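One structure is given below, encoded as structure tokens.
The values are calculated or read from the model by the stated rules, or taken from the named source; none is laboratory data. Quantities reported herein were computed from a predicted structural model and do not represent experimental measurements. Here the Cβ is made from the backbone with ideal geometry for all residues, glycine too, and neighbour counts use every protein chain on show. Heavy atoms of the whole protein, side chains included, go into the accessibility calculation; ligands, DNA and RNA do not. Shrake-Rupley method; radii C 1.70, N 1.55, O 1.52, S 1.80 Å.
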Amino acid sequence: MSLVSMVDLDRIWLASRIGLDNAEEFPRDIGFCSYTILEDTEDVLVVRDLTQDPRFSSNPIVAGPPHLRFYAGAVLVIEGQKIGSLCLVDYQPHPEFTQEQARTLREIANVIEGLFEQRRYRTMDAQNDTVRMTLGVLHSLRGPISVLQEEEERLGKALQECIAEESRESPPTTPSMFTDASASAAITMNQQH
């Protein structure tokens, strides 16, 4: 069985798997991958018989179902960060697992790391394309927007000129009733004095 497992703080989830169909994720404390990523090197961790290794012999997936007996894992490193592993597991021990097989597993892990990097770059390229397209649209709108702003300024000035011209041509008028009343009051006051 082969697995591409990803590790987060509390769990290991399987990004890809062949032969372990009923598992998608499991707690990190029972996963062999945790040991793989804790290694100081990028060498392959090989445990030819899990029942004979004190780190794993009491592990629930070794001592109980599915009774795994073999593990070989190569750490996956992206941008200097250990994110998971490519691993092989089996129900049988494999005392014959060789250094050459371990190197091959490491080489396949390198290919998977490259695929992760390509995907990340494609995602970045897609995001960059979106940004470029948005900037292009904004740039193409800049011309019409500046024309609209200029038109708004021109119309505002024309309106102010019309208001000023109208106020110069016709002096403020006072309602005739007020003027007549004022004149009557002035006459009345003059007659009383």
Give PRO60, PRO27, PRO54 a once-over and let me know the one that is surrounded by fewer than 14 Cβ atoms within 10 Å (Cβ to Cβ), touching a residue at least 24 places away in the same chain (Cβ under 8 Å) and not small (Gly, Ala, Ser). PRO60
Report yes if some residue within segment 96-119 is open to solvent by 40 Å² or more (accessible area, probe 1.4 Å), of a type outside the set (Lys, Arg), touching a helix residue (DSSP H, G or I) at 6+ places or on another chain (Cβ under 9 Å) and in contact (Cβ under 8 Å) with a residue 24 or more places away in the chain; otherwise report no. no
